[in-house]
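No value in this document is a laboratory result; all are computed from the given coordinates. What you see is a predicted model, and the numbers here were worked out from it, not measured in a lab. Because the Cβ atoms are built from the backbone with ideal geometry, glycine has one as well, and the counts that use them run over all protein chains shown.
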Amino acid sequence: MLSVLEIIKRTTGFFEQRGVESPRLNAELLIGHALGLKRMQLYLQFERPLTETELEKIRPLVKRRGGREPLQYIMGEAEFSGLKLKVDRRALIPRPETERLIELVTQRVTTPPARVLDLGTGSGAIALALAKAWPEAVVTAVDRSAEALALARENAEVVGFAGRVTFLVSDWFSGVPAGESFQLIVANPPYLSDAETAAAQPEVKDFEPHLALSAGVNGAADLEKIIRAARPYLAAGGLLACETGIAQHQHLLALATAQRYVRAESLRDLTGRERYLLAFV
């Protein structure tokens, strides 16, 4: 019988051969998930022999990860801004870059907003994180994908915010009634070019929804639509905050100025790359 440690080593080697990033960490997380153990609990059982029943739980998960399916999809969950969210192929996996956007927005918005709009909510990560940050805010989350919205609603139930976020089918502002006004609009739209999407890791290009990744030849098409359309929906003193591609900022800042935002600025992510656009009215 093989021990926990032996299976971890064999799985690590298999992942290395398949080009999986951080193969040992992936092996430990996946095996721990299959056995219902946290990593520290796994370490304490390294010498324990595994039963055939336990191996049968591990094998299909290892095969999926070896096929480069994202770890989060296999495990069915991801952490985001202190929330444990359900994730699957209906929406993008929440990223650390987007967690940083939440941090920046909550730092900049010193007066809690009465109304918040999350454009392209996907799994609901942004909307739910902002509902957590501002319990009194009325949060509306929109997406053109009914499947993504179903996942977002499930996550609202999971974190206990089902009655605090309204979900609406809408292609950006198309389903938002004219005359609606928000103190904060946040968007993490598709911002990769078609070429960047094609060159992405298999975990991204082969498993995550293409419509949530790619935005045409230069990747900025959806951001341009949002910047042009958002201003009438922003209350006086309001803020539009977007996650963007790293080579789009000169163009987007010029567009925000042309759309008569009072001020627009570019902020960097934790790797020092221009990642976020803030536009104020």
Beta bridge orientation in the chain: antiparallel %, DSSP, nearest 5: 45
Length gained when the stretch M75-Q107 is fully extended (0.36 nm per residue, less Cα-Cα span): 8.3 nm
Between D88 and E56, what is the FRET efficiency for a Förster distance of 30 Å, r being their Cβ-Cβ separation, to the nearest 0.05? 0.85
Output the Kirkwood hydrodynamic radius of the range 90-280, Cα pairs only, in Å rounded to one decimal. 16.6
Which distance in nm do the two modelled labels at R231 and R10 give, with both placed 7 Å along the Cα-to-Cβ direction? 6.4
Can you order the peptides 92-104, 56-68 by their average number of other Cβ atoms within 10 Å per residue, highest first? 92-104, 56-68
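How much length, in nm to one decimal, is gained on full extension between L37 and F207, taken as 0.36 nm per residue of separation minus their Cα-Cα distance?
Values: separation 170, 0.36 × 170 = 61.20 nm, distance 2.63 nm.
Here the answer is 58.6 nm.
Give me the percent of DSSP beta bridges within the range 40-172 that run antiparallel, rounded to the nearest 5.
Numbers: 4 of 14 bridges.
Here the antiparallel bridges make up roughly 30 percent for the range 40-172.
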Ordering of 146-152, 157-163 by burial proxy (mean other Cβ atoms within 10 Å per residue, highest first): 146-152, 157-163
